[in-house]
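Working notes, structure below.
No value in this document is a laboratory result; all are computed from the given coordinates. None of these values were measured; they are calculated from a predicted model. Don't worry about glycine lacking a Cβ; one is built from the backbone with ideal geometry, like all the others, and counts go over all protein chains shown.
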Amino acid sequence: MSTHARDQHTTLRSQRLNQITHEPHAKLDTLVKANAPFDSIGSFSRFVVAQYLFQWELMPLYNTPALIAIFPALPSRCRAAQAKADLADLGTEVPAPVPGGMGQPGLAEALGWLFVSEGSKLGAAFLIKRAAALGLSENFGARHLGEPEGGRAEGWKQFVRILDGLELSTEDEAAVDKGALAAFNRFTVLLEKAYEVVAEPI
C-alpha cells in the first residue's frame, strides 16, 4: 500500500465508507436509544460492556506492525484499557469474550474495522455529555468516551487523511468495505448481548 494524490472529483474512500455504512449505522443508533444507556448507571454499565468487548476484539489491529506503519500513533488510539477501567469504576465485571469475533482480517479489511472504531470517537463527544448527567466523566466511568489527546476532530482528520491517501486495488477496496460493514454488525451483536435479559426461572 502506498499513498498517492487522488483526483479531487473522485469520491473519497472515507466518503464511500460513510455512504455504505449509513444503514447499519442508523440501525445501531436506534438500538442504542432503545436500550437507554443514559437512564441509569446500571444501563450505562451494560453499554460499557459492549464498548469494552468491541475494543478488546480490535486490540490486535491497533498493535499490528503493518498497520502501525500506516498509522504511526495507532497503539495509543485503542480504548480497551479505558473501557476496562470504566468497568472497574462502575463495579462491573470484565465480560467473557463473545463468540463470532472478527477473526484475523487482512490488512485492507482491517482498515474498515479501524474506520468504524475511530469514527465512533466523534459521536462520543455527544455521549460523554449525556454520561455527565449520571455523574460520570473522562476521569471516572466514561473514560473511553473522553477526548483523545490532540482533540477528536484533529485525530479523525489525521486518520482519514492517511486512509484516503492509500493506493488500493479493486479487491482491497472491497475488503475495506467488508470490514466496515462487519464492524457495525459486530458492535450491534455485542450491544444486543450486553443488554440481553436473562429469563427468571419459573
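Taking the Cα centre of the stretch 80-170 as the origin, how large is its charge dipole in debye, to the nearest 20, when only Lys and Arg (+1) and Asp and Glu (-1) carry charge on their Cβ atoms? The partial results should precede the final answer.
Numbers: 8 positive and 11 negative charges, 47 e Å.
The dipole of the stretch 80-170 has a size of about 220 debye.
Across P72, P148, P37, mean-square fluctuation computed from a Gaussian network of the chain (C-alpha pairs under 10 Å connected) peaks at P72.
A dipole drawn for the chain from +1 and -1 charges on Cβ atoms has a positive end, and of S40, G165, V98 the residue lying farthest that way is S40. Evaluated at q = 0.10, 0.12, 0.14 Å⁻¹, the base-10 log of the normalised Debye intensity for the stretch 9-158, with identical point scatterers placed on the Cα atoms, takes the values -0.36, -0.53, -0.73.
How big is the dipole moment of the chain about its Cα centre under a simple scheme where the beta carbon of each Lys and Arg is +1, that of each Asp and Glu is -1, and everything else is neutral? Debye, nearest 20, please.
Values: 19 positive and 23 negative charges, 67 e Å.
It works out to roughly 320 debye.
Listed highest first by mean packing, meaning other Cβ atoms within 10 Å per residue, what order do 132-140, 112-120, 96-104 come in? Please report the intermediate quantities before stating the final value.
Values: 132-140: 14.1, 112-120: 22.8, 96-104: 11.4.
Highest to lowest by the protection proxy: 112-120, 132-140, 96-104.
Ordering T10, G135, A81 by Cα displacement along the dipole of the chain toward the positive end leaves G135 in first place; charges were set at the Cβ atoms of Lys, Arg (+1) and Asp, Glu (-1).
Neighbour counting of Cβ atoms within 10 Å sorts the residues L111, L181, L17, fewest neighbours leading, into L181, L17, L111.
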